[in-house]
1. Residues of the range 144-161 being assigned to a helix (DSSP H, G or I) and touching a residue at least 24 places away in the same chain (Cβ under 8 Å), which ones?
2. Tell me, which residue of the range 20-32 that is surrounded by 14 or more Cβ atoms within 10 Å (Cβ to Cβ) and of a type outside the set (Ser, Thr, Tyr) is farthest from ASP51 (Cα to Cα)?
3. Just give me the residues in the range 104-149 being more than 21 Å from THR61 (Cα to Cα), among the polar types (S, T, N, Q) and in contact with a Ser or Thr (Cβ under 9 Å, 6 or more places away or on another chain), in sequence order.
4. Within the bounds of the range 164-173, is there any residue that is polar (S, T, N, Q), in a helix (DSSP H, G or I) and over 19 Å from ILE7 (Cβ atoms)?
5. In the range 77-101, which residues are in a helix (DSSP H, G or I) and over 17 Å from ASP64 (Cα atoms)?
6. Picking from ILE17, ILE58, which residue would you name as being in a helix (DSSP H, G or I), in contact (Cβ under 8 Å) with a residue 60 or more places away in the chain and buried (at least 19 other Cβ atoms within 10 Å of the Cβ)?
7. Give the residues of the range 33-51 that are surrounded by 21 or more Cβ atoms within 10 Å (Cβ to Cβ), under 12 Å from SER10 (Cα atoms) and of a type in the set (A, V, I, L, M, F, W, C), sorted by residue number.
Amino acid sequence: MIQACIITESQSDMDIIKKILSDELLESTKLYAGLGQYDAHSMATTILLADRIPVVLIVDTRADDKDIVVEKFNDINFLMRQSSPGVPYKIVMAVPEIEVVLLQNRDLIEKIIGQHFTDLEWEFACCHPKRFLSRFLGDKSQYIQTIFENMNAVELSQLQQHPIMAEITNFLSNVFATYTKA
């Protein structure tokens with residue numbers, strides 16, 4: 001039975017979430033990939049209002065400036081709150097992009113790419129993860145596949161501990177616990 005929805009801004013963002021989130025959480029969660037930021041926001045508000053199912057909306061902030069991130073969160077939260085008649089929702093701000101989760105393990109990325117990066121290069125990578133990964137590992141579908149094919153269970157567990165993934169996991173776990181009790 002579907003107890004919640006996760007909505008991302010693109011299919012590649014959803015592919016990352018599906019690879020990292022536990023099977024236990026995925027089996028009770030409907031996944032929707034938007035065709036961009038506004039499509040994802042629209043889907044989230046529609047599901048909250050029409051289906052009354054808890055929603056996790058994952059938003060690439062495309063910025064790391066705290067003021068910009070807070071303003072973007074507040075704008076989206078205003079729209080979500082208007083559409084949520086008491087239905088729980090969570091806006092997860094991926095700063096700057098969801099791909100930053102893939103950079104949780106520097107050693108793994110350096111091993112896959114076959115190159116050691118300076119601290120300055122790594123800082124750039126964390127500020128522009130899509131651009132960095134595309135440069136060294138090909139297009140989105142290619143770098144997602146390459147990273148997960150070269151990852152073991154311990155490394156996957158490290159990605160699951162990333163604050164973005166922990167935020168998603170905690171929200172879904174709480175929703176499922178509340179829903180099961182009700």
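Taken together, the values in this text are just the output of simple stated rules run on the coordinates, not laboratory data. All figures in this text were calculated on a predicted structure; none of them were measured in a lab. FYI the Cβ positions are ideal-geometry reconstructions off the backbone, even for glycines, and counts take in every protein chain you see.
1. Let us first name the residues in the range 144-161 that are assigned to a helix (DSSP H, G or I), namely 144-149, 153-160.
Result: ILE144, THR146, ILE147, PHE148, GLU155, LEU156, GLN158, LEU159, GLN160.
2. The qualifying residue farthest from ASP51 (Cα to Cα) is ILE20.
3. Listed by number, the list holds a single entry, GLN142.
4. The initial filter retains those residues of the range 164-173 that are polar (S, T, N, Q), namely 169-170, 173.
Still in the list and also in a helix (DSSP H, G or I): 169-170, 173.
Retained after the next criterion (residues that are over 19 Å from ILE7 (Cβ atoms)): none.
No, there is no match, as no residue in the range 164-173 is polar (S, T, N, Q), in a helix (DSSP H, G or I) and over 19 Å from ILE7 (Cβ atoms).
5. Passing the criteria: ASN77, PHE78, LEU79, MET80, ARG81, GLN82, SER83.
6. ILE17
7. ALA40, the sole residue that qualifies.
Conditions tested, residue by residue: (1) among the hydrophobic types (A, V, I, L, M, F, W, C); (2) under 24 Å from ALA40 (Cα atoms); (3) surrounded by fewer than 17 Cβ atoms within 10 Å (Cβ to Cβ).
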position: GLU71; (1), (2), (3): no, yes, yes
position: ARG81; (1), (2), (3): no, yes, yes
position: SER84; (1), (2), (3): no, yes, no
position: PRO96; (1), (2), (3): no, yes, no
position: GLY114; (1), (2), (3): no, no, yes
position: PHE117; (1), (2), (3): yes, no, yes
position: GLN145; (1), (2), (3): no, yes, yes
position: ASN170; (1), (2), (3): no, yes, yes
